[in-house]
1. Exactly one of (1) closer than 27 Å to Gly47 by Cβ; (2) in contact with a helix residue (DSSP H, G or I) (Cβ under 7 Å, 6 or more places away or on another chain); (3) of a type in the set (Ser, Thr, Tyr) is unmet by Thr168. Its number?
2. Does Leu242 satisfy the criteria of being at pLDDT 95 or above and closer than 18 Å to Ala345 by Cα?
3. Which of the residues spanning region 175-206 are surrounded by 23 or more Cβ atoms within 10 Å (Cβ to Cβ) and of a type in the set (Val, Ile, Thr)?
4. Being surrounded by fewer than 19 Cβ atoms within 10 Å (Cβ to Cβ), touching a residue at least 24 places away in the same chain (Cβ under 8 Å) and among the basic types (Lys, Arg) narrows it down to one of Arg278, Arg256, Arg285, so name that one.
5. I'd like the residue in region 254-283 that is assigned to a strand (DSSP E or B), touching a Leu at 6+ places or on another chain (Cβ under 9 Å) and among the β-branched types (Val, Ile, Thr) and, out of all such residues, is modelled with the highest pLDDT.
6. Can you tell me which of (1) at pLDDT below 95; (2) touching an Asp or Glu at 6+ places or on another chain (Cβ under 8 Å) is the one Glu230 doesn't meet?
7. Would you say Thr318 is assigned to a strand (DSSP E or B) and in contact (Cβ under 8 Å) with a residue 12 or more places away in the chain?
8. Of everything in region 208-225, what is aliphatic (A, V, I, L, M) and buried (at least 22 other Cβ atoms within 10 Å of the Cβ)? Give them in sequence order.
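The values are calculated or read from the model by the stated rules, or taken from the named source; none is laboratory data. The structure presented is a predicted model; accordingly, all values stated were derived computationally and were not measured. Heads up, the Cβs are rebuilt from the backbone with ideal geometry, glycines too, and the neighbour counts pull from every protein chain shown.
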Amino acid sequence: MVAVGGRWTAIACAALGALLLACGAPQTYVCSSDAQCGAEGICEDDGGCSFPDPQCESGRRFAEFTPAGNVCVPTGGATPTSSTSSATSTEPASATLEPDGTSSSTTLGPDSTSSGPDVITTSSSSSGGPDTSSSEGSSTGETATYDFFDDFERPDSDDVGNGWVEKTPDSFALIDGGIRRVGSTLGYQNNLVYRPNDQWLDAETTVELTWLNLDDDFASPQCGLRIQAEDIDTPGSVTGYLLFVNGSSGLLTISRQIDGAFTQEHIQDMTGAVEVGRSYRLRLRVEGSDPVVLDGYLEEFVADEWVLHSEIHGTDDTPERISQPGTLVVGGHVETEYWTYESVALESLDG
């Protein structure tokens, strides 16, 4: 498992010939392999990512948001040398971000018919937004423990890499440490980037994104869980639960997709606009089998912490509910170059 702070961005800040500078909120990231540290990174024995720095005797310096905290990697087993940075070491903490004080009522919307999707409009009230408390060691109030994490800190490429598969080739590309919708004008069912060898039943996924362009359209950033393998490669088809910002309408939606069709929708108006250049994240949680419990969030990074922007909740107790394990996907609709996904994480809730 990979312990990752909610806004860990130290890899993007590493540079040759200079001290590593913090460009986000201080968190603690613990690695288990070199691949998790990105370009030029090495996962050291203490679980900290290090990067080249000629000012260190060892030639390498720990990233700021690591257990050692922006100090030179020791040589010959010596105690790490403190840097001139004011960053302090923090121990990894573990907490799960949960809604705090949320109540909701659910009614069947007027658009529901036996021949179309069950449209469910949910009104929610929240006293305080998400609970961002954590155990000792997190200086901004949040560190999550993930079973899968990818920050896309790899060289620009037409291929996403790291075990991801694009349903439609060249629909996404690695650009500037993130992935973007760049090719094809096909619909969302065909613009899937997925994990072919991973299956989860109960899980929570978090997708950090930045809007690059709005032009009166949110361009439907989305993520999905329990995506079924049997039809994922079929053109125009996807089966599973998707969370997305619904195009130009400004709705936060969780949809049950069966063979690429909307067969159930939980819909909630977003509580406000989004802005170009700010950090947001989609968070989807799917649990249970009878019923399947669905929780979706759009969060924004404000004053060094993640805060709730909008949320949607629902259940699926119909015979069509998806109660089998499935994979993780991210995707988008026909629009291109509207946003970039900066990281994707998943925490398994399977016992």
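1. If we test Thr168 against (1) closer than 27 Å to Gly47 by Cβ; (2) in contact with a helix residue (DSSP H, G or I) (Cβ under 7 Å, 6 or more places away or on another chain); (3) of a type in the set (Ser, Thr, Tyr), just (1) comes out false.
2. Working: at pLDDT 95 or above: yes; closer than 18 Å to Ala345 by Cα: yes.
Yes: the conditions hold for Leu242.
3. Ile179, Thr205, Thr206
4. Details: Arg256 fails: surrounded by fewer than 19 Cβ atoms within 10 Å (Cβ to Cβ); Arg285 fails: surrounded by fewer than 19 Cβ atoms within 10 Å (Cβ to Cβ).
Only one candidate qualifies: Arg278.
5. Taking region 254-283 first, the residues assigned to a strand (DSSP E or B) are 254-258, 261-269, 279-283.
From what is left, the residues that are touching a Leu at 6+ places or on another chain (Cβ under 9 Å) are 254-257, 266-269, 279-283.
Cutting the leftovers down to among the β-branched types (Val, Ile, Thr) gives us 254, 267.
Values: Ile254: 98, Ile267: 95.
Filtering first and then ranking leaves Ile254.
6. Among (1) at pLDDT below 95; (2) touching an Asp or Glu at 6+ places or on another chain (Cβ under 8 Å), the lone unmet condition for Glu230 is (2).
7. On the way: assigned to a strand (DSSP E or B): no; in contact (Cβ under 8 Å) with a residue 12 or more places away in the chain: yes.
For Thr318, the condition - assigned to a strand (DSSP E or B) and in contact (Cβ under 8 Å) with a residue 12 or more places away in the chain - is not met.
8. Step one: of region 208-225, the residues aliphatic (A, V, I, L, M) are 209, 212, 214, 219, 225.
Leu209, Ala219, Leu225, listed by residue number.
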